[in-house]
Amino acid sequence: MTDTGNHHLSEQLERAAGRVQVGPPPVDDMVDAAARVRRRNRDGAVVVVVATLALVVGGIGLAVRNGEAPRPPVAGEDRAATGTDADTATVFLPDPATEQREGGCRTWSGLRPEVVSIPGTGDRAQHALQALVSAPDSASHPIGVFSRQDGATYTVRSVVHDGSVITVDIDMDPWDPWPTASLVCAPHGELAIQQVVRTAQAALDSDDPVLLTVNGAPARGMWMYPLNGPAAASATIRNGEGVLEGTWDVVGLVGDSRSSVMPSELQGKVTLTFDDGELLGFTGCNWLQSTYSHRRNDEDGQRLKIEISTVTRAACDVEAPLLDRLNAVRFTTVADGYRYLHAENGMIVAQLRRR
């Protein structure tokens, strides 16, 4: 380009620059423009997010229906059933090596440990005891130790160890789980208690005694085996102490007022002899013959019902009121070397000592 051309172009540029109005930048216009851009971007993003959520929710719904989607944990929920690893615990069952037979019924004087699977979360001791009370009935016994006539299963509500006593709380009374059944071979109450004791101690690695409670209140006992506070572990079950058969001195009779009605001059003379369903008694003057039904021949705390059939009619200056007491008997227990006969309400009506 020639010098004349350059000079002419410079003059045009100068004249154009003179016509431009110079001032502050158009901020408002710039903000409005930017806002329009953000709204367009946001609207597009919302469409994308909604579409994405629809896909995600649809995917979750499909996965839940298929049972494959992980579910968020719920506070307080035992999640053992949702895929966590199982744990194991030791429960105690009757030891076949200690089995004995009494009158066609099986008894055991010892327990053996068995490892079972339990959920891997929550209270390990509670899970162990729940496994014990929920186990299927053994084929070796027609009535399970933890079975109930109503078909219900015990629930272990809690296991609490305070450092000196282990408290096991269950939801139903185990004193007489088959109240209207006449069982020839009922489970052994002391054996059942020892299963609970040993299982709880193993789960907590403790030798402390175990207190069985029902909905927070101390249990009366199990299968009519009485409990008087916490029970300690026993190496053997004292089956022999519960044998009913044999001759007993009646050392005490209790009246309705809970006072003694045993004539002092008849001490050592009033007797009862139990022999395979037949009962022979002496009132100190008259003889009586009876039959009796007894749940087991070697159990502390068991059902016992007596049906008097024959009584002699000798005239007596003094006689022990034995007949009325025997008619009221519904169960029997053993404690401190004595056998006690109880009425249905639990009141002791007679105290016996083996001859």
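Just so you know, all these numbers are worked out from the coordinates, no wet-lab data involved. Note that the coordinates shown come from a computational prediction; the quantities given were computed from them, not determined experimentally. Cβ sites come from the backbone with ideal geometry, for glycine too, and all protein chains shown count toward neighbours.
Report the charge-dipole magnitude of the range 84-232 in Debye, nearest 20, computed about the Cα centre from +1 at each Lys and Arg Cβ and -1 at each Asp and Glu Cβ.
300
Can you give the FRET efficiency to the nearest 0.05 for residue 112 and residue 152, using r as the Cβ-Cβ distance and R₀ = 35 Å?
0.80
Taking the highest mean first, how do the peptides 340-347, 220-227 order by number of other beta carbon atoms within 10 angstrom per residue?
Peptide ranking by packing, descending: 220-227, 340-347.
Going by average Cβ density within 10 Å per residue, which order do the peptides 263-273, 200-210, 310-320 take, highest to lowest?
200-210, 263-273, 310-320
Determine the gain in length on full extension of the stretch residue 259-residue 315; use 0.36 nm per residue of separation and subtract their C-alpha separation, reporting nm with one decimal.
So the extension gain works out to 17.6 nm.
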